[in-house]
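Below is one structure, written out as structure tokens; comments come after it.
The values are calculated or read from the model by the stated rules, or taken from the named source; none is laboratory data. On a predicted model such as this, the values are computed, not experimentally measured, just so you know. Reconstructed Cβ throughout: ideal geometry from the backbone, glycine too, with neighbour counts over all protein chains shown.
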Amino acid sequence: MMNLDAGAGSPTKTLLSRRAFLATGGALVVSFSLLPALRLSAQQAPSAPKMPGSLDKTPMLESWIRVDADGGVTVFTGKAELGQGIKTAFIQIAADELGVAPARIAMITADTSRTPDEGYTAGSRSLTDSGTAIMHAAAQVREILIVRAAERLGIAAERLQAREGFVVADDGRRIAFGALVAAGQTETTRAQPASKLKEPRSYTLIGQPMPRVDIPAKVTGGTAFVQDLRLPGMVHARVVRPPSYGARLSEVQFDPVQRLPGVLKVVRDGSFLAVIAEREYQAVVAMRALSGAAKWDEHGELPVPAKLYDFLLQTPSNAMIDLDQRAATGVPAAAHTLEASYRRPYQMHASIGPSCAVGWLKDGTLTVWTHSQGVYPLRRAIAEMLKFPEDRVRCIHAEGSGCYGHNGADDVAADAALLARAFPDRPVRVQWMREQEHAWEPYGPAMLTQAKAALDGAGRIVDWQYDVWSNAHSTRPGRAGSLLPAWHLATPFAPPPPQPIPLPEGGGDRNAIPFYNFANVRVVHHFIPAMPIRVSALRGLGAYMNVFSVESFVDELALAAGADPVEFRLRHLDDSRARDAINAAAARFGWSAFAKARGRGRGFAFARYKNHAAYLALAVEVEVERETGRTRLLRAVAAVDSGQAVNPDGIRNQIEGGIVQSMSWTLFEAVGFDATRITSADWGSYPIARFPEIPETVEVQVIDRPGMPFLGTGEAAQGPTAAAIANAIADATGMRLRELPLTRERVKAAIGV
Amino acid sequence: MISLEINGRTHAVDADPATPLLYVLRDHLALDGAKFGCGLGQCGACTVMVDGQAIFSCITPISVLPGRHIKTVEGLGTAAEPGPLQRAFIAEQAAQCGYCIAGMIMRAQTLLEKNPAPTDAEIRRHMQPNLCRCGTHLRILRAVRRAADEIRAAESGTSRTG
């Protein structure tokens, strides 16, 4: 094992808690005697049964939960806090199952030296993967502590309970957890496939709206973000990026820049150009000078913006049949046949804080503090780029500005790695400028869908054909060629060939298969490998566009069938949880009693995210100003079923935010570009929603399902919001808009004023 | 050296007079509340107060600030003893990633100091320059409302007893 813990090993201001310092300062690794019965069952298993959540990949209990002799508990997760509140939710889970106060728990998140490798914090999978693992690990540790206490007290384990960090007997005797931790033993304990989980009705923390542990520092100027990390002797760097994707640095004068105040080093490696200075603003000034001193060769190679969707259709693609359930006998006689096509432009993550990282090459080992969503894949990519062995690179997650997917986090970490190598022994902090974040982040891909369906005389959908054209929805690292600066090195790394994400997760085809009981369904995903514009995972991936398309088209079919849109959806759904969510949202909104005011309309949408995660139904009311075409989302009412709700207020916060963010994408956002360059370089050229555009109210009803598996929630609102708004505009104006964003110009053109 | 009064304390700063206040706060004085968002005065993540006005510290050079009263989010309270707006943001859980929040709080502070009883529409209008990407706006608005109500309640309590 490496010993390069940044908390205990260096007198630095870090993001690690005091608990973490203690935990690495020689604290005991808890060790347990395995229960004979459990050992037997594990040995008897001919092939290992699947372990719950991420325990399957990381089965040692010590990888997840550690109890120290002082009674402190450390919980480890390979997932990262992205502002979605998982740190708090994991503390709730661990504290409740273990029987310890939340304040006694130190939470260690994604760190390649300390936590399990759980891949990416993405796909709304954190509770399912890591929350499930922590829940089971905590329950198993609790049972082991109880067995030990039973031996110590000489009574049956059934007479013992774990409460507030003690194992408590029914006769009042109790032993602190810390006293049950055997010192000096090195035995490790494998998790069991089954755990003695608490009865959901006995939970005291799970299901309660616990305040987030990270918010107090964030509202008082405490060290909360990687941007705030300040290491001793730290220097500041800025990168000069090329003006466009294919541009190459032809010439640059270093001398004038090197003479500027505070400049320590100008770094050039091929077309990778950067400057390092003592002070941050000195680095900014030097970056501007260096930018002025650089000459670039660039060529126009981007699609023609006005013909973007022709480009998608005409670019070679690989067709994959996701589903084909058409009956051999053919489609029954149809009363109505409808066809429609929908469009979605490139859209941005547009994080408020430009990406940032700190790299430090010291004693031959590189440490990178990063807000990457995947510290382990990032480590592999950086090691490959630098030609370092992986065990000489450590990546530690520290929070950044909200990312909503694959933004510049990994790229700036690679910048920091390259600059730390160029300037060893002192920590190098690099943050992108606004225009760099806007122009270089990988966008959510432009997409095109075509839908065709038939209704029978009874108003049921009897044929459904759906095609979606899309680029890849993940070009995340793992390989050096996925890191932006690696493209620009003198010996460059090429991006690896893009791959589609297979179902049931799906990429471009995420949620392309409708969740409804339609007859004769055929869904085809046309995967476009060529990527003239850089793209990757944006919150919801293809689900945003597919749910927009499917739920818009369902509304168009409901209209053709003369049916109420809510009733029409229920007509095609047997899943009781889907029906519950739809009924709850409709009832709370007052769907059936809705009285339409002039210029206003209501819209509904439903999806089960990825068809296997959270259920979300949404009703909205919009107002469309005829003279300007301006659409305002007035109110939104959502009902969400995330399975067992750990922190209901956390779920509400995610869904409220998802609705507002998706509203902004849906009404306002498209990345601009010309033949050569991205033209959306700031908030003026890529406007997003501001306070005056925010709805009057957003209500979120959480449908709790105690004892049921956690269902990923963070991305569930993105698609339904887009469709519900489009449906409400159609209700308000009688006109159907099928091209995102639903701008005032498009609305105005549609209603013909 | 430039002398700056920040949160009631005077600091002598050795920096180029053209340096925007944001970099001095963060890099020289370790006051990390204000954040770099755009460097263009478009997003408000860097918002601090100068003589009661909300300013974009990312585009305000320190040369214009001697003799003026600068207040940052650190001047409103601490995690242990948060001020009224900070308490209200915690009570409403008005943050997701939280990167914009210090700027939001400082912009709201300038409103409440001038207008202790703002309408909801006035709050929205006042907060317009500041961007949030997580979609936390409605909680932010509720937090500002809550802080305004609590400050007024506390003051009317004081005036009754006084």
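Taking region A:51-86 as the search range and keeping residues that are among the charged types (D, E, K, R) and under 25 Å from the mean Cα position of the chain (by Cα), which one is farthest from A:SER372 (Cα to Cα)? Before you say what the answer is, go through the steps one by one.
So the first thing to find is which residues in region A:51-86 are among the charged types (D, E, K, R), and the list is A:56-57, A:62, A:66, A:68, A:70, A:79, A:81.
Filter once more, so that each one left must be under 25 Å from the mean Cα position of the chain (by Cα): A:56-57, A:79, A:81.
Working: A:ASP56: 23, A:LYS57: 21, A:LYS79: 10, A:GLU81: 10 Å.
Only one residue tops the list, namely A:ASP56.
Restricting the search to region B:58-115, which residues are free of Cβ contacts under 8 Å to residues at least 40 places away in the same chain, farther than 26 Å from B:HIS11 by Cα and either out of contact with any His (no Cβ under 6 Å at 6 or more places or on another chain) or in a loop (DSSP other than H, G, I, E, B) (or both)? Break it down into steps so the answer makes sense when it comes.
Looking only at region B:58-115, we keep the residues that are free of Cβ contacts under 8 Å to residues at least 40 places away in the same chain, and these are B:58-59, B:64, B:76-83, B:86, B:90, B:97-98, B:101, B:105, B:108, B:111-112, B:115.
Adding the requirement that they be farther than 26 Å from B:HIS11 by Cα leaves B:90, B:97-98, B:111-112, B:115.
Matches in region B:58-115: B:ILE90, B:CYS97, B:GLY98, B:LEU112, B:ASN115.
I'd like the residue in region A:216-256 that is at the interface with chain B (Cβ under 9 Å from one of its Cβ atoms) and either of a type in the set (A, V, I, L, M, F, W, C) or assigned to a strand (DSSP E or B) (or both) and, out of all such residues, is surrounded by the fewest Cβ atoms within 10 Å (Cβ to Cβ).
By that ranking, first place goes to A:ARG230.
Exactly one of these conditions fails for A:ALA454: (1) more than 22 Å from A:ASP410 (Cα to Cα); (2) under 27 Å from the mean Cα position of the chain (by Cα); (3) hydrophobic (A, V, I, L, M, F, W, C). Give me its number.
(2)
Search region A:289-307 for residues that are among the β-branched types (Val, Ile, Thr) and pair each with any residue that is part of a loop (DSSP other than H, G, I, E, B) when their beta-carbon atoms are under 9 Å apart and the residues are at least 6 apart or on different chains.
Filtered contacts from region A:289-307: A:VAL304/A:ALA675.
If you take the residues of region A:320-348 that are more than 30 Å from A:SER536 (Cβ to Cβ) and either of a type in the set (A, V, I, L, M) or assigned by TED's automatic domain parsing to the domain that holds A:LEU740 (or both), which of them is modelled with the lowest pLDDT?
Going through the qualifying residues, I end up with A:VAL331.
Provide a single number: the residues in region A:690-739 that are without any contact (Cβ under 8 Å) to a residue 60 or more places away in the chain and of a type in the set (Lys, Arg).
Result for region A:690-739: 1.
If you go through region A:534-546 one residue at a time, how many are within 15 Å of A:GLU669 (Cβ to Cβ) and not in a strand (DSSP E or B)?
Residues that pass the stated criteria total 4.
Got a sec? Which strands (runs of 3 or more DSSP E) wholly within region A:322-440 have at least 2 residues that are touching a residue at least 60 places away in the same chain (Cβ under 8 Å), crowded, with 24+ Cβ neighbours inside 10 Å and among the hydrophobic types (A, V, I, L, M, F, W, C)? Working first, answer last.
On the way: elements: A:336-344, A:356-362, A:365-370, A:393-397, A:428-431.
Output list reads A:356-362, A:393-397, A:428-431.
Being out of contact with any Phe, Trp or Tyr (no Cβ under 6 Å at 6 or more places or on another chain) and either of a type in the set (Ser, Thr, Tyr) or under 30 Å from A:GLU699 (Cα atoms) (or both) narrows it down to one of B:GLN128, B:GLN86, so name that one.
Selected residue: B:GLN86, the only one of B:GLN128, B:GLN86 that is out of contact with any Phe, Trp or Tyr (no Cβ under 6 Å at 6 or more places or on another chain) and either of a type in the set (Ser, Thr, Tyr) or under 30 Å from A:GLU699 (Cα atoms) (or both).
It is to be established whether one or more residues within region A:264-282 are within 14 Å of another protein chain (Cβ to nearest Cβ) and surrounded by fewer than 17 Cβ atoms within 10 Å (Cβ to Cβ).
Within region A:264-282, one or more residues are within 14 Å of another protein chain (Cβ to nearest Cβ) and surrounded by fewer than 17 Cβ atoms within 10 Å (Cβ to Cβ).
With the condition kept exactly as written, say whether any residue in region B:56-76 is within 14 Å of chain A (Cβ to nearest Cβ), buried (at least 19 other Cβ atoms within 10 Å of the Cβ) and over 16 Å from the mean Cα position of the chain (by Cα).
Taking every residue of region B:56-76 in turn, at least one turns out to be within 14 Å of chain A (Cβ to nearest Cβ), buried (at least 19 other Cβ atoms within 10 Å of the Cβ) and over 16 Å from the mean Cα position of the chain (by Cα).
Take the conditions part of a helix (DSSP H, G or I), at pLDDT 95 or above and either over 30 Å from the mean Cα position of the chain (by Cα) or more than 14 Å from every other protein chain (Cβ to nearest Cβ) (or both) and apply them to A:ALA89. Does it pass?
Judged against the criteria, A:ALA89 is not a match.
Just for helices (runs of 4 or more DSSP H) wholly inside region A:648-752: which have at least 3 residues that are modelled with pLDDT of 95 or more, within 16 Å of A:SER351 (Cα to Cα) and within 20 Å of the chain's Cα centre (by Cα)?
A:648-668
Got a number for residues in region B:77-94 being within 7 Å of another protein chain (Cβ to nearest Cβ) and farther than 19 Å from B:GLN128 by Cβ?
The total comes to 7.
As an exercise: evaluate A:ALA595 against (1) of a type in the set (A, V, I, L, M, F, W, C); (2) more than 27 Å from A:LEU127 (Cβ to Cβ); (3) touching an Asp or Glu at 6+ places or on another chain (Cβ under 8 Å) and give the number of the one condition it does not meet.
(3)
Find all pairs meeting these conditions: Cβ atoms under 9 angstrom apart; at least six residues apart or on different chains; first residue within region B:1-28 and at the interface with chain A (Cβ under 10 Å from one of its Cβ atoms) and loosely packed, with under 15 Cβ neighbours inside 10 Å; second residue among the hydroxyl-bearing types (Ser, Thr, Tyr) and not in a loop (DSSP other than H, G, I, E, B).
Correct list of pairs: B:ALA18/A:TYR281; B:ALA18/B:SER63.
Kindly provide the set of residues from region A:309-346 that are touching a Pro at 6+ places or on another chain (Cβ under 8 Å) and either within 14 Å of chain B (Cβ to nearest Cβ) or of a type in the set (S, T, N, Q) (or both), ordered by number.
Scanning region A:309-346 gives A:SER317, A:ASN318.
Here is a list: A:SER642, A:SER680. Which entry is surrounded by 21 or more Cβ atoms within 10 Å (Cβ to Cβ) and either within 14 Å of chain B (Cβ to nearest Cβ) or within 22 Å of B:GLY44 (Cα to Cα) (or both)?
That would be A:SER680, the only listed residue that is surrounded by 21 or more Cβ atoms within 10 Å (Cβ to Cβ) and either within 14 Å of chain B (Cβ to nearest Cβ) or within 22 Å of B:GLY44 (Cα to Cα) (or both).
Going by the structure shown, is A:ALA439 away from chain B (no Cβ under 14 Å) and modelled with pLDDT of 95 or more? So that I can check it myself, show each step before the final result.
Values: away from chain B (no Cβ under 14 Å): no; modelled with pLDDT of 95 or more: yes.
No, not satisfied.
Hey, among A:ARG569, A:ARG588, which residue is closer than 25 Å to A:VAL521 by Cα, part of a helix (DSSP H, G or I) and among the charged types (D, E, K, R)? It would help to see each step written out before you state the result.
Working: A:ARG588 fails: closer than 25 Å to A:VAL521 by Cα.
Criteria check complete, one pass: A:ARG569.
What about B:ILE101, is it away from chain A (no Cβ under 12 Å), within 15 Å of the chain's Cα centre (by Cα), of a type outside the set (Phe, Trp, Tyr) and within 26 Å of A:SER685 (Cβ to Cβ)?
It is false that B:ILE101 is away from chain A (no Cβ under 12 Å), within 15 Å of the chain's Cα centre (by Cα), of a type outside the set (Phe, Trp, Tyr) and within 26 Å of A:SER685 (Cβ to Cβ).
Could you tell me whether region A:124-146 includes any residue that is part of a loop (DSSP other than H, G, I, E, B) and either touching a Cys at 6+ places or on another chain (Cβ under 7 Å) or not basic (Lys, Arg) (or both)?
yes
Could you say which residue among A:ARG259, A:ARG268 is at pLDDT 95 or above, within 35 Å of the chain's Cα centre (by Cα) and in the same structural domain as A:LEU361 (by TED's automatic domain parsing)?
The unique qualifying residue is A:ARG268.
Please specify each residue of region B:117-138 satisfying the condition of being farther than 20 Å from B:ALA34 by Cα and either surrounded by 13 or more Cβ atoms within 10 Å (Cβ to Cβ) or without any contact (Cβ under 8 Å) to a residue 24 or more places away in the chain (or both).
B:PRO118, B:THR119, B:ALA121, B:GLU122, B:ILE123, B:ARG124, B:ARG125, B:LEU138, listed by residue number.
Could you give every pair whose Cβ atoms fall below 7 Å, whose first residue belongs to region A:198-214 and is touching a residue at least 12 places away in the same chain (Cβ under 8 Å) and part of a loop (DSSP other than H, G, I, E, B), and whose second residue is exposed (fewer than 14 other Cβ atoms within 10 Å of the Cβ) and not β-branched (Val, Ile, Thr), counting only separations of at least 6 or pairs across chains?
Listed pairs, sorted by first residue: A:GLY207/A:PRO706.
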